[in-house]
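Some notes on the structure that comes next.
Each value in this text was obtained by applying a stated rule to the coordinates, not by laboratory testing. Just so we're clear, the structure is a prediction, and the values are computed from it rather than from any experiment. Don't worry about glycine lacking a Cβ; one is built from the backbone with ideal geometry, like all the others, and counts go over all protein chains shown.
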């Protein structure tokens, strides 16, 4: 029953979002295993279905996925906060620095780490504009939120973007991704600690080792917490958005120059990288990709 209730709440939220966007909607209908309603705009029609069962809740859109209505509704659904992210028992510290990274699993592009300082007032403002884990947001929403976040927090953030050429140099030095991540998080956090009186740091847990910045004597009184799924903290979520925005900006700057690079490290990325290597050579490829990846070993 809890799963069914969750599905109903979710689809009612979708109805509300569609209505707010000026889209005509039909009454909610309950079937044996799902709730559904239809959205209309002119001659375009999309059916929204939310299924519930043992495996949880699943949303399906039925209609022309190339239509403007489909894209609008899909964006609304992707940009709407997930209901199960909210924990009424969850309490955040009054003020803290949150950090997160982006790009560690992508062959092409930089590694970006961001750190954000928040207090009670800025946390409330960030929550109001819909700040949450960047993985739950569309590209357009990330760019929009990144601008709003910077307006709210002012200078209370740091972004460390390690472009591929520098990344490859650092990886040779550290010879370990976790050590490189450790260094990047430490750099972003340390820079922000120098400019605030904050005594609490929360970062997404990426290894069992503590951040190097903990050992620095001038910050010996700072408490460091590393948690998995730390994006539930507004400050960490804000950091994840700023990191993702900077990561995407790198790709867009290359696309503007005529080089559209794939994200991730899939077989498609591997095939693209192989052709690019043959065209520009290893030295130039080192300015675009992370050469310690298995992807590079496969295409050499």
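Could you give the angle, 0 to 90 degrees to the nearest 10, between helix 164-174's Cα long axis and the longest principal axis of the Cα atoms of the chain?
So the helix axis and the longest Cα principal axis differ by about 60 degrees.
Grab the Cα-Cα distance for residue 174 and residue 66, subtract it from 0.36 nm times how many residues apart they are, and report the gain in nm with one decimal. Each step should come with its number before you reach the end.
On the way: separation 108, 0.36 × 108 = 38.88 nm, distance 4.60 nm.
In short, 34.3 nm is gained.
Could you work out how much longer the chain between residue 75 and residue 59 gets when fully extended? Use 0.36 nm per residue separation minus the Cα distance between them, nm to one decimal. Write down the numbers at each step before the final one.
Values: separation 16, 0.36 × 16 = 5.76 nm, distance 1.31 nm.
Full extension of this stretch gives 4.5 nm more.
Please work out the Kirkwood hydrodynamic radius for the range 1-79, using every pair of different C-alpha atoms, and report it in angstroms with one decimal place. Walk me through the numbers on the way to the answer.
Values: mean 1/r = 0.0795 Å⁻¹.
Kirkwood radius, the range 1-79: 12.6 Å.
With the contact rule set at Cα under 8 Å and sequence spacing of 6 or more, what percent relative contact order holds for the range 96-252?
Numbers: 275 pairs, mean separation 66.2, N = 157.
For the range 96-252, the relative contact order is 42 percent.
Counting just the Cα atoms, what span does the range 95-178 cover along each of its three principal axes? Round to the nearest Å and put the largest first.
The principal-axis extents, from largest down, are 42, 27, 18 Å.
How far apart, in nm, are the 7 Å Cα→Cβ label points at residue 28 and residue 196?
In this crude label model, residue 28 to residue 196 measures out at 3.9 nm.
To the nearest 10 degrees, how steep is helix 2-20 against the longest Cα principal axis of the chain, on a 0 to 90 scale?
Between the helix axis and the principal axis of the chain, the angle is about 90 degrees.
Using per-residue counts of other Cβ atoms within 10 Å, averaged over each peptide, order 283-290, 255-262 from highest down. Intermediate values should be presented prior to the final figure.
On the way: 283-290: 17.6, 255-262: 11.5.
The packing order, highest mean first, is 283-290, 255-262.
Would you mind checking the tilt of helix 234-256 against the longest principal axis of the Cα atoms of the chain, expressed as 0 to 90 degrees and rounded to 10?
Here the helix axis deviates by roughly 80 degrees.
Pairs of alpha-carbon atoms within less than 8 angstrom and 6+ residues apart define the contacts here; what relative contact order does the chain have, in percent? Mind showing how you got there, number by number?
Working: 482 pairs, mean separation 59.7, N = 300.
This gives 20 percent for the chain.
Could you tell me the relative contact order of the range 2-80? Use alpha-carbon pairs under 8 Å, at least six residues apart, and round to a whole percent.
On the way: 117 pairs, mean separation 19.7, N = 79.
Once divided by the residue count of the range 2-80, the mean separation gives 25 percent.
For the range 96-252, compute the orientation-averaged projected area of the C-alpha convex hull (one quarter of its surface), in nm².
8.8
Rounded to the nearest Å, what's the spacing between the alpha carbon centres of the range 1-71 and the range 226-242? Just the number, please.
Result: 29 Å between the Cα centres.
So for each of 123-134, 228-239 I average, over its residues, the number of other beta carbons within 10 Å; can you give me the resulting order with the highest mean first? Spell out each step's value before the answer.
Details: 123-134: 18.6, 228-239: 24.0.
So the peptides 123-134, 228-239, ranked by packing, come out 228-239, 123-134.
Roughly how many nanometres apart are two label points built 7 Å out from the Cα toward the Cβ at residue 268 and residue 224?
Label-label distance for residue 268 and residue 224, simple model: 3.8 nm.
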